[in-house]
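Working notes, structure below.
A short reminder: the numbers here are calculations on the coordinates, not readings from a lab. For clarity, every value in this text was computed on a predicted model and none was experimentally measured. Here Cβ is always computed from backbone atoms with ideal geometry, including for glycine, and neighbour counts include all displayed protein chains.
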Amino acid sequence: MLRAHDTSDVDTQSFYHRQESDLDQKILEVSKHIGTERKILEASHSLRQSTTNPEVLSRNEARIKETERSLRYFEATLRELQARKAQESQSDG
């Protein structure tokens, strides 16, 4: 039979496991966003080389800048999440 303090230990472990799972999920989601942004950027660079239409090129350049900005944001977020996970792993172990 569990005593009162044993239950809190289980609750604490459960809390940290949920928190770790949430962090892993966020890392996975951000990684997917990074992959998507890289594909968009690659396609935009290909389009840049395949057209001479100034209107298309102008819109494409704006898309490239926006995608690069998004990519920097997601990469920074990923680094932050990975650092947090590493820190939590060290404090758990």
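Based on C-alpha coordinates, I'd like the Rg and Dmax of the stretch 38-77, in Å.
10.9, 36
Can you tell me the length gained on complete extension of the stretch residue 27 to residue 91, counting 0.36 nm per residue apart and subtracting the Cα distance?
Details: separation 64, 0.36 × 64 = 23.04 nm, distance 1.90 nm.
Going from the current span to full extension adds 21.1 nm.
If I model a spin label at residue 56 and residue 79 as a point 7 Å from the Cα along the Cα→Cβ vector, what separation in nanometres do I get?
Calculated label separation equals 3.6 nm.
Distance in nm between label sites at residue 47 and residue 64, each 7 Å beyond Cα in the beta-carbon direction?
1.2 nm
Net charge near residue 71, counting Lys/Arg +1 and Asp/Glu -1 over other residues with Cβ under 14 Å of its Cβ?
Values: positive: 32, 38, 39, 63, 65, 69, 72, 79; negative: 37, 42, 66, 68, 75.
Once positives and negatives cancel, what remains is +3.
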